[in-house]
Every structure is written in C-alpha cells, then in structure tokens.
Amino acid sequence: MINKKDELRELVSLVEKFLEFADELKRNGKIDEDQYIYITKNKVEFLKDAQEKIK
C-alpha cells in the first residue's frame, strides 16, 4: 500500500522531470525567460514545500 509520503515523493519526482524538460526547452530556445518563469514558478514553490514535508 502506498502511503502519503510515497505519493508525495512520486509527485516530487514528476515535477522535477517537468522542470528538467522546461530547462531543456529554454536552453534550446523553444521558450523564452518569461515563458519559463510562467510555467515553473508554482512548481518550484511546490518543491520547496514538499521537500520539507518529506523529511
């Protein structure tokens, strides 16, 4: 059975993969800085909060 911390860890992993993808898009010029900030801001904040809850 999956517990809440395991689910949170899985979600954190998924968000980290999304951020890697967004970084790649930015590096390759597919999105600009404003677009990058727009799509990643809430995810970065989520990661900060989630990392504290996982500890």
Q | Estimated FRET transfer efficiency when R0 is 22 angstrom, pair GLU45-LYS5 (beta carbons, to 0.05) | A | 0.65
Q: Please report, in debye to the nearest 20, how large the charge dipole of the chain is about its Cα centre when each Lys and Arg carries +1 at its beta carbon and each Asp and Glu carries -1 there.
A: 200 debye
Q) For the chain, what does -39500 (n - 2.57) per DSSP helix run (n ≥ 4), summed and divided by total residues, give at 222 nm, in deg cm²/dmol to the nearest 500? A) -29500 deg cm²/dmol
Q | Pair GLU52, ASN28: separation of 7 Å Cα→Cβ label points (nm) | A | 3.5 nm
Q: Grab the other residues whose beta carbon is less than 13 angstrom from that of LYS55, score K and R as +1, D and E as -1, and report the net.
A: +2
Q) If we count other beta carbons within 10 Å of each Cβ, what is the order of ILE54, ILE39, fewest first? A) ILE54, ILE39
Q.
Between 0 and 90 degrees, rounded to the nearest ten: what's the tilt of helix 33-54 against the longest Cα principal axis of the chain?
A. 10 degrees
Q: Taking just the C-alpha trace of the chain, give me its Rg and Dmax in Å.
A: 13.1, 42
Q.
With angles folded into 0 to 90 degrees, how steeply does helix 4-27 sit against the dominant principal axis of the chain? Use alpha carbons for both and round to 10.
A. 10 degrees
Q. For a paramagnetic label modelled at 7 Å from the Cα of VAL12 toward its Cβ, which residues of segment 18-55 fall within the zone defined by backbone nitrogen distances under 11 Å?
A. 47-55
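Bear in mind that the values in this text are calculations on the coordinates, not laboratory data. As the structure is a prediction and not an experimental result, all values here were calculated from the model. Positions of Cβ are generated from backbone atoms using ideal geometry, with glycine treated the same way; all protein chains shown enter the neighbour counts.
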